[in-house]
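Asks: Take a look at the following structure, please.
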Amino acid sequence: MREKHRPVYSSDKGRLCPTCTQPVASCRCNKKKAVPPPKGDGVVRIGRESKGRKGKGVTLITGMTLNPDELKALAADLKKLCGCGGTVKDGVIEIQGEQRQTLFDALQKRGFKVKLSGG
């Protein structure tokens, strides 16, 4: 049996949601639901990793129990503090280079319980 075909574009409305056929901007079926922050033990861990990065080291911050928007804002502040680049991937903040002590001090000042992990 053939499935029903639905329009995915309209010249007057633009791109349409394939599920509800409403314009993507006002789609009612794909509304992002609030994602609860990840559960952890309350300890923020700061480590260094270079595996799979062609020898380039990055500082990883794990265990943050912030929502994604707050995590991105915190990452932006930390990157400015360190004067380097970085990103947020899967709830982990990656800061380029060896920045463990700088990040340790900054996160402690913000009230997080912080531990250095790794060697």
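Each value in this text was obtained by applying a stated rule to the coordinates, not by laboratory testing. Note that the structure is a prediction, hence the values are computed from the model and not measured. Note: ideal-geometry Cβ built from the backbone for every residue, glycine included; neighbour counts use all protein chains shown.
Asks: Determine ³J(HN,Hα), in whole Hz, for all residues of region 51-65 in sequence, where each value follows from phi through the Karplus function 6.51 cos²θ - 1.76 cosθ + 1.60 and θ = phi - 60°; x replaces Gly and Pro.
Replies: 3J(HN,Hα) across region 51-65, in whole Hz: 5, x, 10, 6, x, 7, x, 10, 9, 9, 10, 10, x, 6, 10.
Asks: What list of ³J(HN,Hα) values in whole Hz, one per residue of region 76-92 in order, does the Karplus curve 6.51 cos²θ - 1.76 cosθ + 1.60 (θ = phi - 60°) give from phi, with Gly and Pro shown as x?
Replies: Each residue of region 76-92 in turn: 5, 5, 5, 5, 5, 4, 7, x, 8, x, x, 7, 10, 10, 6, x, 10 Hz.
Asks: Still on this structure, please answer the following. In nm, to one decimal, how far is the Lys89 label point from the Leu116 one, both placed 7 Å along Cα→Cβ?
Replies: Spacing of the two 7 Å Cα→Cβ label points: 2.4 nm.
Asks: Determine, for each peptide in 90-101, 68-79, 15-26, the mean count of other beta carbons within 10 angstrom over its residues, then list the peptides with the highest first.
Replies: Working: 90-101: 17.2, 68-79: 15.0, 15-26: 13.1.
My ranking of the peptides, most packed first, is 90-101, 68-79, 15-26.
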